[in-house]
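Student: This is the structure I want to talk about, given as structure tokens.
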Number of protein chains: 2
Amino acid sequence: MAPMRWWGWGEPGVSFTHEDKPELRAFILRHLGVDVEGPTARRVAFDDITVPEPSLPTDLRAELEAAVGGQHVSVDALDRVVHARGKSLRDLMRHRRGDIGRLPDAVVRPGSEEEAEAVLRAALAADAVVIPFGGGTNISGSLEAPAGEPRPVVSVDVGRMDRLLEIDEASRLARVQAGVLGPRLEEQLNARGWTAGHFPDSFTHSTLGGWIATRSCGMQSDRYGDVADLTRAVRVVTPAGVLATRPVPSTSTGPSVREMVLGSEGRLGIITEATIHAHRLPAQRTILGYLLPDWRRAVRAMRAIAESEAAPSVTRVSDAHETQLSFATRRRPSIADRVQSGALRWYLERRGIDPEAMCLAFIGYEGPQEHVKAQRGLVGRIVREHGGLCIGSGPGELYDAKKFDTPYIRDFLLDRGALGDVSETSAPWGTLPQLYDDVEAAANGAFARLGVMGYVMCHLSHSYHAGACLYFTFAFRPAGDEEDDGLEAYDVVKSAIQQAFVDSGGTLSHHHAVGTEHARWLEQDISAPGVAMLRALFDGTDPGANLNPGKIV
Amino acid sequence: MAPMRWWGWGEPGVSFTHEDKPELRAFILRHLGVDVEGPTARRVAFDDITVPEPSLPTDLRAELEAAVGGQHVSVDALDRVVHARGKSLRDLMRHRRGDIGRLPDAVVRPGSEEEAEAVLRAALAADAVVIPFGGGTNISGSLEAPAGEPRPVVSVDVGRMDRLLEIDEASRLARVQAGVLGPRLEEQLNARGWTAGHFPDSFTHSTLGGWIATRSCGMQSDRYGDVADLTRAVRVVTPAGVLATRPVPSTSTGPSVREMVLGSEGRLGIITEATIHAHRLPAQRTILGYLLPDWRRAVRAMRAIAESEAAPSVTRVSDAHETQLSFATRRRPSIADRVQSGALRWYLERRGIDPEAMCLAFIGYEGPQEHVKAQRGLVGRIVREHGGLCIGSGPGELYDAKKFDTPYIRDFLLDRGALGDVSETSAPWGTLPQLYDDVEAAANGAFARLGVMGYVMCHLSHSYHAGACLYFTFAFRPAGDEEDDGLEAYDVVKSAIQQAFVDSGGTLSHHHAVGTEHARWLEQDISAPGVAMLRALFDGTDPGANLNPGKIV
């Protein structure tokens, strides 16, 4: 797969467009004051960027080349720019205007664990900084070298390590190299009748190692578990050698070292391999659409499903704002028409469902036919008890087909001078309704302070025994023409939302990690002694602070 | 509840006896060469033990008394002896012969988190050692002060902190003080219609804080999760202040600090409170007995159940040896008679089930009636496919009624000069059959080397996606009369089993923690860099090595 665009998400040739969505232009104009058919913002051309020469000591370069082979040590300008950051809105905004930050001095691509070991040894011997790099999709600032880092910076791209090494069919475990991208992982597993069941939004461009390093969660994690649940063993190249845990289902060997690697964002070493749960491809897989009358009842319905014996693979429900955007992005006559037209409209009215308040839900089922049928029955009953109704498999198929396209929308908006981004949290069920109100108020308050039109919307993306993940998306066009204004305005909105998370009993991030973007809220989330414990772990494991310094704490 | 016996398990007045089990005497005589009606071994009387005076500096004592009140600082001899160790076989053997080890100099009982903080502050100021103490049931040596520890040793018994503080009914979360014993926790939850669903063998005498500190697992953990799954938030008094995590369902805030507390065995601080999952008391609860034709097919059946959509609360199956002991411990005409008598025997023969090879399983179901019925149907089908049959609820009820009595058997055997103990592991399904054979061979090899008769048996106690827990029990009578011989012989057998675990791909312990008993296998399990990471965490959090030193690493 080609590397991602240096200035935005995804592959060259793929992008989001409003042109096949007849209602979207009016919707965006109404809510953001942006005409998507107006002039688009210019991006700096790559050739106009001054890319500084790499500062790579000759000895270190020779050692790295000895470790991985000359062709796998790159000092190419584009390569270094692509590896300089992830894909946070802040990353995209800065890259697009030519502010490329502290570039890595080399991009090194080990092809095996032994090569990764040799790379780390060489880097440590030269007191260089090592930043492990998977797919480069991180949106929390986990991939950028500290500004003004005086030591050589080596980006270790593990993308060559992309093989499924072994399936233990009896144990339903797959041993996989950590640099594998989502599609390549599924392709190798599917070919033998298996799936990992891990599908984050970033799936097409993110890696197993990256998922582990950031505690990723996927769209079907309600059934398959998040990456912490499905990762049974890890292999990590650390300064003290290769950390290797065993693929045992459970263990009481002190604090879990496996769990220390999960979410470590490169601070402990280079993840080279993992043993993960594999599942037989399900006999049946369905995602059904449902309409719930309003957000409060929608959340209560999801809670009731979590409390029941039903075990759907997806439990996702959008608030009214996101539901309305969903309808505005339809390409052809669809559910929205049915809502606005005769029979269904009459039915909604009879059920007391206000189209302005209603919430669109997707609930997924997987497994043997009989199981899927029983689950659908259970969930259908609960939805009806909460005043909702099933609208069939059409909307679910549509959602399923375009589920990985969302990240392209940010580039579409940036091209038009508008900012769109996401923030997600999780909280106990009892806390969620107030947290939702607080976050909405915080975002709208920030828009008001900035004097801009803005839009904030939310979906509940995953359900647990005791709570759920709320995933917020917000967009606005910053006032003024200064490019700096954009970042400052972004900080106002993003900070307001993050602060509302921790003030209202949520966590600072459910599955997007900490990086540098969220680090300042960490102590409010896990308390000062918690931060001190993380420091103890990082400092003790990496006494020279060579491993992705400045991230998390 | 009264403190446990100083020399053995459980409450005074409760014990295991062979007298109501007509076949047990012959069974034990046949397999261990021990006549349980022969003379019983003498224990040293408490009054014959020389209990050294506590070495508690006057200032420290004053500070501790100021922290918790004079009546909650105890230097009583019995109190100190009871708090000196847990209840491992090694602990019992040494205590029984009057070898009481390095006693704590004081037992301090804080009644609140604030008092626990004051206790820790005082102890650190005096450079004392602090050993948190819950129910004292640990069997891995996690509670004993290092031999010859020159600093004052303070046992911090959290038993006064035993209240259910709050149930968040919407979130199904209970906030509970960590010193609560199992029965008191369930009593408080049950009174309001809830359960925690955590029932380790030690349930009657162990605490929530102890479960967390050792990564405990309970009999119904297949449904409710182990303590790591059900603990959403912790509060821990650490040298840096109170560590407090949030009760969020999931988070990607770096390596999980909550997970660092799980299994920390007092090395990070004193656990004072936890927020745990609560469940509505199930409408129905059933444990059914099943017979499987042999161990291989029994394990395959459990694996098939784990792979199915069935979600039983208990999946337990004994090997043939344990099945035979089960039948030998019957009190009245029971399943064993039915096996040996007409109709069932004929049926077993027709099904090709050899009574010598057959394995007794207990599978539990909980939830709404309809759910239980569907689960039973699913499991019944799988058991039949593996050549087994359901033998109804009678044996399950019997198991359920006496499930917490097992630990008393060790005292019964010790009284008769025989040693009985347990070792458990977990491993991937594909590894389990060979691991089982290896452990049997290791134990029997050890018996042979010692020239003793011995018995080793096993049950699969918990099932997971990718593997299961195997729980071994072994017993033998050491040769010779020297008391020391017993411990040496015990080490030979126990070490052989533990080494077989790690050599065969298992973990050194599934739910009994590391302590000092298992520490020497830790590096073989989690690798040297893993041990180094634990050291980094402990050393950084507790630079003076005051917190339960010498445990885990």
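The values are calculated or read from the model by the stated rules, or taken from the named source; none is laboratory data. Everything quoted here is computed from the prediction, not taken from an experiment. When we count neighbours, we look across all protein chains shown, and the Cβ atoms used for this are built from the backbone with ideal geometry, even at glycine.
Student: Any idea which of B:I276, B:I305, B:I287 is within 11 Å of another protein chain (Cβ to nearest Cβ) and over 27 Å from B:L124 (Cα atoms)? So that I can check it myself, show each step before the final result.
Tutor: On the way: B:I305 fails: within 11 Å of another protein chain (Cβ to nearest Cβ); B:I287 fails: within 11 Å of another protein chain (Cβ to nearest Cβ).
Answer to the selection: B:I276.
Student: Out of A:G544, A:G506, I need the residue that is modelled with pLDDT of 95 or more and surrounded by fewer than 24 Cβ atoms within 10 Å (Cβ to Cβ). Which one? Working first, answer last.
Tutor: Working: A:G506 fails: surrounded by fewer than 24 Cβ atoms within 10 Å (Cβ to Cβ).
Going through A:G544, A:G506 in turn, just one is modelled with pLDDT of 95 or more and surrounded by fewer than 24 Cβ atoms within 10 Å (Cβ to Cβ): A:G544.
Student: Take B:P478 and tell me if it is away from every other protein chain (no Cβ under 11 Å) and more than 29 Å from B:Q324 (Cβ to Cβ). Walk me through it before giving the result.
Tutor: Numbers: away from every other protein chain (no Cβ under 11 Å): yes; more than 29 Å from B:Q324 (Cβ to Cβ): no.
No.
Student: Before we move on, is A:P543 of a type outside the set (V, I, T), within 10 Å of chain B (Cβ to nearest Cβ), touching a strand residue (DSSP E or B) at 6+ places or on another chain (Cβ under 9 Å) and over 24 Å from A:D201 (Cα atoms)? Working first, answer last.
Tutor: On the way: of a type outside the set (V, I, T): yes; within 10 Å of chain B (Cβ to nearest Cβ): yes; touching a strand residue (DSSP E or B) at 6+ places or on another chain (Cβ under 9 Å): no; over 24 Å from A:D201 (Cα atoms): yes.
When the stated conditions are applied, A:P543 does not pass them.
Student: Then there's this: Would you be able to say whether some residue in region B:486-496 is within 11 Å of chain A (Cβ to nearest Cβ) and surrounded by fewer than 21 Cβ atoms within 10 Å (Cβ to Cβ)? Quick ask: steps written out before the conclusion?
Tutor: At the first step, the residues of region B:486-496 found to be within 11 Å of chain A (Cβ to nearest Cβ) are none.
Within region B:486-496 (the criterion being within 11 Å of chain A (Cβ to nearest Cβ) and surrounded by fewer than 21 Cβ atoms within 10 Å (Cβ to Cβ)), the answer is no, since none of the residues qualifies.
Student: Restricting attention to region B:438-475, report how many residues are more than 14 Å from chain A (Cβ to nearest Cβ), in a strand (DSSP E or B) and either under 21 Å from B:R520 (Cβ atoms) or over 23 Å from the mean Cα position of the chain (by Cα) (or both). Break it down stepwise before answering.
Tutor: Within region B:438-475, the first condition is being more than 14 Å from chain A (Cβ to nearest Cβ), and the residues that meet it are B:438-459, B:472-475.
From what's left, in a strand (DSSP E or B): B:454-459, B:472-475.
When the remaining residues are screened for being either under 21 Å from B:R520 (Cβ atoms) or over 23 Å from the mean Cα position of the chain (by Cα) (or both), the result is B:472, B:474.
Result for region B:438-475: 2.
Student: Scan region A:376-386 and give yes if some residue there is modelled with pLDDT under 95 and not assigned by TED's automatic domain parsing to the domain that holds A:R90, otherwise no. Before the answer, list the steps.
Tutor: From region A:376-386, those modelled with pLDDT under 95 are none; that's our starting set.
No, because not a single residue in region A:376-386 is modelled with pLDDT under 95 and not assigned by TED's automatic domain parsing to the domain that holds A:R90.
Student: Where in region B:1-95 are there helices (runs of 4 or more DSSP H), lying fully within it, with 3 or more residues that are farther than 30 Å from B:S112 by Cβ?
Tutor: Numbers: elements: B:24-32, B:58-68, B:77-82.
Counting at least 3 such residues, we get B:24-32.
Student: Moving on. Please work out which one of (1) within 13 Å of another protein chain (Cβ to nearest Cβ); (2) surrounded by 24 or more Cβ atoms within 10 Å (Cβ to Cβ) is the condition A:V317 fails and give its number.
Tutor: It fails just one condition, (1).
Student: So, one more: Is at least one residue of region A:456-470 surrounded by fewer than 20 Cβ atoms within 10 Å (Cβ to Cβ), of a type in the set (A, V, I, L, M, F, W, C) and under 25 Å from A:L92 (Cα atoms)?
Tutor: Checked against the condition, which is being surrounded by fewer than 20 Cβ atoms within 10 Å (Cβ to Cβ), of a type in the set (A, V, I, L, M, F, W, C) and under 25 Å from A:L92 (Cα atoms), region A:456-470 yields no hits at all.
Student: In this structure, is A:R97 at pLDDT below 95 and buried (at least 18 other Cβ atoms within 10 Å of the Cβ)? I'd like the intermediate steps shown before the answer.
Tutor: Values: at pLDDT below 95: yes; buried (at least 18 other Cβ atoms within 10 Å of the Cβ): yes.
Against the criterion (at pLDDT below 95 and buried (at least 18 other Cβ atoms within 10 Å of the Cβ)), A:R97 qualifies.
Student: Answer yes or no as to whether B:D222 is touching a Pro at 6+ places or on another chain (Cβ under 9 Å), surrounded by 22 or more Cβ atoms within 10 Å (Cβ to Cβ) and more than 30 Å from A:D503 (Cβ to Cβ).
Tutor: Working: touching a Pro at 6+ places or on another chain (Cβ under 9 Å): yes; surrounded by 22 or more Cβ atoms within 10 Å (Cβ to Cβ): yes; more than 30 Å from A:D503 (Cβ to Cβ): yes.
When the stated conditions are applied, B:D222 passes them.
Student: Also, I was wondering about something else. I'm trying to understand the selection: among the residues of region A:186-199, which are within 14 Å of chain B (Cβ to nearest Cβ) and either buried (at least 23 other Cβ atoms within 10 Å of the Cβ) or outside any loop (DSSP other than H, G, I, E, B) (or both)? Please lay out each step first, then the result.
Tutor: Within region A:186-199, the subset within 14 Å of chain B (Cβ to nearest Cβ) is A:193-198.
Listed by number, the residues that qualify are A:W194, A:T195, A:A196, A:G197, A:H198.
Student: Across region B:1-52, what is the number of residues that are more than 22 Å from B:F474 (Cβ to Cβ) and of a type in the set (A, V, I, L, M)? If you could, list the steps in order and put the result at the bottom.
Tutor: Initial filter on region B:1-52 (more than 22 Å from B:F474 (Cβ to Cβ)): B:1-6, B:11-14, B:19-20, B:22, B:37, B:39, B:42-52.
Pick out the ones that are also of a type in the set (A, V, I, L, M) and you get B:1-2, B:4, B:14, B:44-45, B:49, B:51.
Residues meeting the conditions: 8.
Student: Checking the condition surrounded by 19 or more Cβ atoms within 10 Å (Cβ to Cβ), more than 14 Å from chain B (Cβ to nearest Cβ) and either at pLDDT 95 or above or out of contact with any Cys (no Cβ under 9 Å at 6 or more places or on another chain) (or both), which residue from A:P333, A:P355, A:P293 passes?
Tutor: Numbers: A:P333 fails: surrounded by 19 or more Cβ atoms within 10 Å (Cβ to Cβ); A:P355 fails: surrounded by 19 or more Cβ atoms within 10 Å (Cβ to Cβ).
Result: A:P293 is the single residue among A:P333, A:P355, A:P293 that is surrounded by 19 or more Cβ atoms within 10 Å (Cβ to Cβ), more than 14 Å from chain B (Cβ to nearest Cβ) and either at pLDDT 95 or above or out of contact with any Cys (no Cβ under 9 Å at 6 or more places or on another chain) (or both).
Student: Ok, one more. What residue, among those in region A:401-426 that are within 14 Å of chain B (Cβ to nearest Cβ), out of contact with any Pro (no Cβ under 8 Å at 6 or more places or on another chain) and of a type outside the set (V, I, T), is farthest from B:H277 (Cα to Cα)?
Tutor: First, the residues of region A:401-426 that are within 14 Å of chain B (Cβ to nearest Cβ): A:422-426.
Narrowing the set further to residues that are out of contact with any Pro (no Cβ under 8 Å at 6 or more places or on another chain) leaves A:422-425.
Next cut, of a type outside the set (V, I, T) only: A:423-424.
Working: A:S423: 26, A:E424: 23 Å.
For region A:401-426, the residue satisfying everything is A:S423.
Student: Restricting attention to region A:230-241, and to residues there that are in contact (Cβ under 8 Å) with a residue 40 or more places away in the chain and more than 7 Å from chain B (Cβ to nearest Cβ), which single residue is farthest from A:E113 (Cα to Cα)?
Tutor: A:L230
Listed here are the residues, each with its yes/no results for (1) under 24 Å from B:A513 (Cα atoms); (2) surrounded by fewer than 18 Cβ atoms within 10 Å (Cβ to Cβ).
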| site | (1), (2) |
| --- | --- |
| B:E63 | no, no |
| B:H83 | yes, no |
| B:R90 | yes, no |
| B:G101 | yes, yes |
| B:E115 | no, no |
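Student: Still on this structure, please answer the following. Starting from region A:502-521, take each residue that is facing chain B (nearest Cβ under 9 Å) and under 21 Å from A:F203 (Cα atoms) and list its partners that are of a type in the set (S, T, Y) and in a helix (DSSP H, G or I), counting only C-beta distances under 6 angstrom and pairs at least six apart or across chains.
Tutor: Between residues of region A:502-521 that are facing chain B (nearest Cβ under 9 Å) and under 21 Å from A:F203 (Cα atoms) and residues that are of a type in the set (S, T, Y) and in a helix (DSSP H, G or I), the close pairs are A:A513/A:T214.
Student: Please tell me if A:G254 is crowded, with 24+ Cβ neighbours inside 10 Å, free of Cβ contacts under 8 Å to residues at least 24 places away in the same chain, within 10 Å of chain B (Cβ to nearest Cβ) and at positive phi.
Tutor: On the way: crowded, with 24+ Cβ neighbours inside 10 Å: yes; free of Cβ contacts under 8 Å to residues at least 24 places away in the same chain: yes; within 10 Å of chain B (Cβ to nearest Cβ): yes; at positive phi: yes.
So A:G254 fits the description; yes.
Student: Of everything in region B:388-434 that's of a type in the set (V, I, T) and surrounded by fewer than 21 Cβ atoms within 10 Å (Cβ to Cβ), which residue is farthest from B:E37 (Cα to Cα)?
Tutor: First, the residues of region B:388-434 that are of a type in the set (V, I, T): B:391, B:406, B:409, B:422, B:425, B:431.
In the following step, the residues that additionally are surrounded by fewer than 21 Cβ atoms within 10 Å (Cβ to Cβ) were identified as B:391, B:406, B:409, B:422.
On the way: B:I391: 33, B:T406: 20, B:I409: 15, B:V422: 24 Å.
My answer is B:I391.
Student: Also: All but one of (1) assigned to a loop (DSSP other than H, G, I, E, B); (2) within 26 Å of B:L143 (Cβ to Cβ); (3) in contact with a strand residue (DSSP E or B) (Cβ under 9 Å, 6 or more places away or on another chain) hold for B:G263; state the number of the condition that does not hold.
Tutor: Among (1) assigned to a loop (DSSP other than H, G, I, E, B); (2) within 26 Å of B:L143 (Cβ to Cβ); (3) in contact with a strand residue (DSSP E or B) (Cβ under 9 Å, 6 or more places away or on another chain), B:G263 violates only (3).
Student: Does B:L281 satisfy the criteria of being more than 10 Å from chain A (Cβ to nearest Cβ) and either aromatic (F, W, Y) or surrounded by fewer than 21 Cβ atoms within 10 Å (Cβ to Cβ) (or both)? Before you say what the answer is, go through the steps one by one.
Tutor: Working: more than 10 Å from chain A (Cβ to nearest Cβ): yes; either aromatic (F, W, Y) or surrounded by fewer than 21 Cβ atoms within 10 Å (Cβ to Cβ) (or both): yes.
For B:L281, the condition - more than 10 Å from chain A (Cβ to nearest Cβ) and either aromatic (F, W, Y) or surrounded by fewer than 21 Cβ atoms within 10 Å (Cβ to Cβ) (or both) - is met.
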